[in-house]
Structures are given as structure tokens and as C-alpha cells.
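The block underneath contains the structure these notes are about, expressed in C-alpha cells.
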Amino acid sequence: METNNNQLHENPYLLLTPGPLTTSKTVKEAMLQDWCTWDDDYNVNIVQQIRSRLVALATKNTEEYTSVLLQGSGTYGVESVIGSAVNEKSRLLILSNGAYGQRMIQIANVLKIDYVEYTVPETEVPDIRVIKQILDTKQNITHIAVVHCETTTGILNPVKEITSLAKDYKVITIVDAMSSFGGTTMDIHDWNIDFLISSANKCIQGVPGFSFVIARRKQMEACKGNARSLSLDLYDQWNAMESGNGKWRYTSPTHVVRAFLQAIIELEIEGGIAVREARYKTNQSTLVQKMEQLGFKPLLSKSVQSHIITSFFSPDSENYSFNQFYHSLKQENFIIYPGKISKSDTFRIGNIGEVYPQDIEKLVETIAKIQNW
Ligand SMILES: *Cc1c(COP(=O)(O)O)cnc(C)c1O
């Protein structure tokens, strides 16, 4: 993508991208104070509060679960869980239908983890019967890893069915719920999720800088001594935070963490996850309905399309170039996303963040105005 380096665009544009995404002014303002990392004002009143609120957002069975925050983007969280939960005696089944499933495979390769992969095309979800067959025929699978919303396309994987099946086989479940957690109703206890990974800059609507893991306490404790990395040792990070009353092992992104607490408070003020999910769903359905009126077609079938991000086929016209489309929209203060899939020419529009149906309507009116194909 072309960028103009000598001129910074200072107009506050709306990010229609799935993280970093548009945050509220009050979330940004929460970063205007510096914090001391060993003072209770930070550890107890911010970090510990976030940890318990995250667990409460994830399940009603709060005693069985715990949470930990980890420096770095979402991938650091995924790598930390895979590298700490799966030990030398374990065998991991990785399900993939997009770039983030592929990234888990990449992590397993780098960490030399014994794994089996089940990959399906980017526009399809894994077949439960095939997963059952793999669990029946491949020996000794101990863990299964799956992405909830594959942000590559916006497809929603049938996580609840997969993790319920895993329970029958006593297989530990790892869910990359990066782009769904906070914007999708689920109870990780009811869904039999052992490790859920997400990050600050997705549906909770914070700014980027750390990931977090919500895990069954028993499974978190079982990670002790497994890690293949010092800084990505999930157990050690958790143990330091748990026993140190909110202490991070190494320098924490204090401003980002403070902003995240504000973002959680704003999620609660909005009415909680179900209300936020309803807003995202209205954003998504408004977008598709109006875009279809302009002749655009979504990549995915409705039955598997999430409310998080939508992929559209690029217009089939010689006059269309994504670059030009992107820059014309940017002039009007909207930022969209290129497509990420291999087989079709697409672009993506995110539905999450501090974005409302009227913003989506304005976006599509702008697309109608600028389109020259
Ligand atoms: C955003 C995202 C990630 C993490 O990506 P980072 O660039 O490391 O933050 C992982 N999985 C999914 C599904 C995501 O949407």
C-alpha cells in the first residue's frame, strides 16, 4: 500500500479495521497519567481489577477460572499458551481456515511441538465429523486449538461444538478468541474452554499493547515448568501476578493497561457484552444491506459470517484498484482493510470498535459518491 511519508494525516479518521480499532475519546484520555508499577494504585486498583473483571466477563463460574495479562500483541498470547500448555508428552490438533490458524501452525513448528493439522478452505468451517474421526484415529491427541472468529475473512467457527466434543475425549481446549471476546456472548465454562486468548485492542475497545489469557485455574497451574521461553512463560507470568497481587514480571504497558480498565468500564456502561454484540450485529447487517444495494457481494455465506468483520469481493471492473479506493476513502476519513485471502480478490470492512450504525451508513454513502467503476 502506498503511503505518503512526508505528510502525516492528522484528521481523526474512523478505523474500520479489526484492531487497532477506533477507541473512545475517554479511553484515550485515560492514558494521560503516569503510573508506578509497584504501587497499589496500579497493581491492586488497576491490574487486579482488570483480571477479575475479565474472568467475570467470560463466565459465571468465576472460581474455576483465572486470568493473566501479558506484554505484546495477541500473537504473543497465543504463542505463550501453546508454548506453556502443550508439553513434550502432549500432541496438539490445530484447526485452520485462515491466517490465524496458520499462525498457530507456525508457532507449533517454531516450538517443535508435536501436532496434527486439519486445514479447510478459508470460506469453510471445519467439519465436526472429521474432527471426531481425527480424535478417534490419531493417537494421543491431548490438546485442540481453534480460532473463534477467523479475522482473515470474518468467518465464525463452531467453537462450542468443537470444545464440547473435546470434552468427551478429555482433550484440553485452546481458543483464539482474539477478535470475538467482548463482542460475542459466550460462557467459557459452559463452552468447555480451558484457555481463551484475546488482546487489548479488539472488542473490549482498548488500545494495543498487551494480550490476555483467561484459563481454567487447574490448567493454568498445570503449565508450570513447560514453557520453552522465559518471557512467554504463561505460568510464571500468572504466578507472579497472582502471588504479587497484580505485579507484572517485567515492565508493563502502564498507560495501555489504564486505558483498558476504562474500556472495560465503558463496556459495562454500554450494557455489557450482549448489548455490544447487538450493536456490532446492526453495524454488520446495515453494512451488507447497503453495500449489496451498491452491487457489492460478501465473500461468505450468511450462515458462517460473523458480526466482527466482513469481506467483500472487489468490483469486477478495470477501473477498480484497491489502492485508489483506499485513498479516496481515507480522504473522507474512513480507513478500510485490504483482503487477506489467497483465492479471491477482496477487501474487508471491520464492524467493531467505537463505530455505530450511522457511521456505517455514512461510509456507504461515501462509497457510493466516490465509486467510479
Ligand atoms: C488480531 C488477531 C490476532 C493477533 O494478532 P496480533 O497482530 O498479534 O495482535 C490473532 N488471532 C486473531 C483471530 C486476530 O484477529
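Assorted remarks:
- Residue in region 183-197 that is within 16 Å of the ligand (Cβ to nearest atom) and small (Gly, Ala, Ser) present: yes
- Looking across region 61-104, just one residue is without any contact (Cβ under 8 Å) to a residue 24 or more places away in the chain and either part of a strand (DSSP E or B) or closer than 21 Å to LEU156 by Cα (or both), and that is GLN102.
- Among the residues of this structure, LYS340 counts as one that is outside the structural domain of MET178 (by TED's automatic domain parsing), outside any helix (DSSP H, G or I) and surrounded by 15 or more Cβ atoms within 10 Å (Cβ to Cβ).
This table checks each residue for (1) open to solvent by 10 Å² or more (accessible area, probe 1.4 Å); (2) part of a loop (DSSP other than H, G, I, E, B).
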residue: LYS170; (1), (2): yes, yes
residue: VAL175; (1), (2): no, no
residue: PHE181; (1), (2): no, yes
residue: ASN192; (1), (2): yes, yes
residue: VAL213; (1), (2): no, no
residue: GLY225; (1), (2): yes, yes
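- Residue match in region 148-169 (condition: closer than 29 Å to LEU21 by Cα, without any contact (Cβ under 8 Å) to a residue 40 or more places away in the chain and in contact with a His (Cβ under 9 Å, 6 or more places away or on another chain)): yes
- Residues that are open to solvent by less than 20 Å² (accessible area, probe 1.4 Å) and either more than 16 Å from the ligand (Cβ to nearest atom) or more than 19 Å from LYS160 (Cα to Cα) (or both), drawn from region 121-133: ILE131
- Residues in region 58-70 that are surrounded by 20 or more Cβ atoms within 10 Å (Cβ to Cβ) and either within 16 Å of the ligand (Cβ to nearest atom) or under 20 Å from ILE269 (Cα atoms) (or both): ALA58, THR59, LEU69, LEU70.
- Condition check for THR75: among the hydroxyl-bearing types (Ser, Thr, Tyr), closer than 18 Å to SER198 by Cα, within 14 Å of the ligand (Cβ to nearest atom) and in contact with a helix residue (DSSP H, G or I) (Cβ under 7 Å, 6 or more places away or on another chain): yes
The values are calculated or read from the model by the stated rules, or taken from the named source; none is laboratory data. Fair warning: this is a prediction, and the values are worked out from it, not measured in the lab. Cβ: placed from backbone, ideal geometry, glycine included. Neighbour counts: every protein chain shown. Protein only, heavy atoms only, side chains kept; ligands, DNA and RNA dropped before computing areas. Shrake-Rupley method; radii C 1.70, N 1.55, O 1.52, S 1.80 Å.
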